[in-house]
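Let me begin by presenting the structure, written as structure tokens, before commenting on it.
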Amino acid sequence: MNPVDETGYARNLSRLRTALNDASAIVVGAGAGLSTAAGLTYSGERFERLFGDFIARYGLRDMYSAGFYPFPTPEEKWAYWSRHIWANRYEPAPKDTYAVLRDLLRGHDVFVLTTNVDHRFQEAGFSKERLFYTQGDYGLWQCSVPCHAKAYDNRSAVERMVREQKDCRIPAELVPRCPVCGEPMAMNLRCDDTFVEDAGWHAAQKRYHRFLDAHETGTVLYLELGVGANTPAIIKYPFWRRVLDNPQASYACLNYGEAFAPREIEDRSIVINADTDAVLRDLACE
């Protein structure tokens with residue numbers, strides 16, 4: 001937690017607790033900072049522990065930049081990626097931050113919009129029907145071309161890659177290929193114009209927009225958790241716009257080091273510059 005201004009922190013915590021209790025609906029916008037708060041860090045001790053052999057061989061610096069590393073062979077690329085997927089998508093998170101959030105929101109009318117691709121909301125028990133993962137999912141593959149708009153579950157294949165990899169390589173027969181055209185498979189992540197928005201993605205988008213349309217008025221709380229400045233047009237800017245357009249709405253921003261609100265909605269904003277995990281736990285301790 002940020003040690004500065006404990007009085008202000010306590011006051012804002014109380015305001016946020018009241019806003020949660022009074023909300024007619026809650027729209028959660030979650031970014032990478034929420035998963036970082038849950039211990040899913042991409043650098044430092046965790047990265048070194050999980051990828052020491054890859055660091056020694058390729059000089060990798062962190063999990064994010066490693067995703068763009070030009071591995072010499074597909075076998076080496078998928079050895080890295082399978083371990084990355086397993087650690088960040090299927091292994092339990094170091095902290096139960098998402099479960100704490102789930103319990104805080106229990107009984108409320110909630111929808112979650114997230115740019116995270118680690119699927120932690122659903123793993124924590126949030127309803128799939130109230131989640132919209134805009135940027136993809138580590139648990140899905142797609143054709144790299146792509147020759148068709150479908151994504152494929154990868155858990156069993158990834159588990160086998162992790163189990164059978166040796167010397168930073170997987171067996172050649174495990175390299176994934178598109179079942180339709182035979183081209184290499186790719187991660188279903190929005191990193192260029194080949195990202196596949198499949199039927200499930202479009203259905204989730206429609207549910208999200210229906211929820212927003214149903215709650216254009218009323219005491220709606222737009223709860224932003226760990227959203228940085230990389231993709232503000234997805235969560236941050238639309239949240240500000242909706243609060244500005246609805247005089248009864250409020251905005252809460254929890255972010256360690258990047259918590260702020262625009263002047264136009266300042267009087268209806270709760271800004272907490274502190275570790276999100278700590279804030280959620282403090283909220284849960286009434």
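The values are calculated or read from the model by the stated rules, or taken from the named source; none is laboratory data. Predicted model, so just to flag it, every value in this text is computed and none were measured. FYI the Cβ positions are ideal-geometry reconstructions off the backbone, even for glycines, and counts take in every protein chain you see.
Looking for something out of contact with any helix residue (DSSP H, G or I) (no Cβ under 9 Å at 6 or more places or on another chain) and either among the small types (Gly, Ala, Ser) or part of a helix (DSSP H, G or I) (or both) - is there at least one such residue anywhere in the stretch 78-88? Scanning the stretch 78-88 turns up no residue that is out of contact with any helix residue (DSSP H, G or I) (no Cβ under 9 Å at 6 or more places or on another chain) and either among the small types (Gly, Ala, Ser) or part of a helix (DSSP H, G or I) (or both). Residues that are in contact with a strand residue (DSSP E or B) (Cβ under 8 Å, 6 or more places away or on another chain), of a type in the set (Ser, Thr, Tyr) and either loosely packed, with under 14 Cβ neighbours inside 10 Å or more than 30 Å from Ala274 (Cα to Cα) (or both) within the stretch 193-251 comprise just one, Thr194. Scanning the stretch 62-103 for residues that are in contact (Cβ under 8 Å) with a residue 24 or more places away in the chain, more than 21 Å from Ala37 (Cα to Cα) and among the hydrophobic types (A, V, I, L, M, F, W, C) yields Trp78, Ala79, Trp81. The set of residues from the stretch 252-268 being surrounded by 23 or more Cβ atoms within 10 Å (Cβ to Cβ), within 18 Å of Asp22 (Cα to Cα) and not aliphatic (A, V, I, L, M) comprises just one member, Cys253. Cβ separations smaller than 7 Å between residues 6+ apart or across chains give the following pairs from the stretch 23-46 residues that are surrounded by fewer than 23 Cβ atoms within 10 Å (Cβ to Cβ) to residues that are of a type in the set (Lys, Arg): Gly39/Lys95. Within the set Leu174, Leu254, the sole residue that is within 21 Å of the chain's Cα centre (by Cα) and of a type outside the set (Phe, Trp, Tyr) turns out to be Leu254.
Taking the stretch 166-187 as the range and being in a strand (DSSP E or B) and under 20 Å from Phe51 (Cβ atoms) as the test, the residues that pass are Lys166, Arg169, Met187. For the stretch 127-150, the candidate set comprises residues that are buried (at least 21 other Cβ atoms within 10 Å of the Cβ) and of a type in the set (A, V, I, L, M, F, W, C); within that set, the residue that is farthest from Pro184 (Cα to Cα) is Leu140. Within the stretch 10-18, none of the residues are without any contact (Cβ under 8 Å) to a residue 40 or more places away in the chain and not in a helix (DSSP H, G or I). For Asp118, the stated conditions do not hold, so it cannot be described as of a type in the set (D, E, K, R), closer than 29 Å to Tyr237 by Cβ and surrounded by fewer than 17 Cβ atoms within 10 Å (Cβ to Cβ). If I filter the stretch 211-223 for residues that are under 22 Å from the mean Cα position of the chain (by Cα), at pLDDT below 95 and not in a helix (DSSP H, G or I), do I get at least one hit? No; the residues of the stretch 211-223 include none that is under 22 Å from the mean Cα position of the chain (by Cα), at pLDDT below 95 and not in a helix (DSSP H, G or I).
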